[in-house]
Amino acid sequence: MLTYSESSFRSIVMDDPTNTDYIVMFDARWATGIEYVKAIFAELSLKYTTDTTVFIHVDLSSYPSLARDL
């Protein structure tokens with residue numbers, strides 16, 4: 001599972017001309033119980049990441065402008 005900043009998310013994921021599938025987990029520091037979901041997401045990323053399927057984590061509490069744009 002990759003953790004992206006706002007600028008890397010915008011340039012790599014939102015503007016990607018390839019046929020890559022992005023499975024994105026958005027969370028915020030204030031979200032309760034998110035550690036359980038993060039663990040499952042990490043397990044899925046280990047099992048299903050390929051050259052054309054990428055799992056990404058974005059903490060929206062660190063990038064509020066990205067949260068507004070989505």
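The values are calculated or read from the model by the stated rules, or taken from the named source; none is laboratory data. Because the structure is a prediction, the values reported are computed rather than measured. Don't worry about glycine lacking a Cβ; one is built from the backbone with ideal geometry, like all the others, and counts go over all protein chains shown. Surface accessibility is based on the protein's heavy atoms, side chains included, excluding ligands, DNA and RNA. Shrake-Rupley method; radii C 1.70, N 1.55, O 1.52, S 1.80 Å.
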Mean Cβ count within 10 Å, highest first, over the residues of peptides 11-18, 60-67, 37-44: 60-67, 37-44, 11-18
The chain, accessible surface, carbon-and-sulfur percent (1.4 angstrom probe): 57 percent
Hey, with R₀ at 22 Å, roughly what FRET efficiency would residue 68 and residue 20 work out to, going by the Cβ-Cβ distance, to 0.05? 0.35
Report the rotationally averaged projected area of the chain based on its alpha-carbon convex hull, in square nanometres. 4.7 nm²
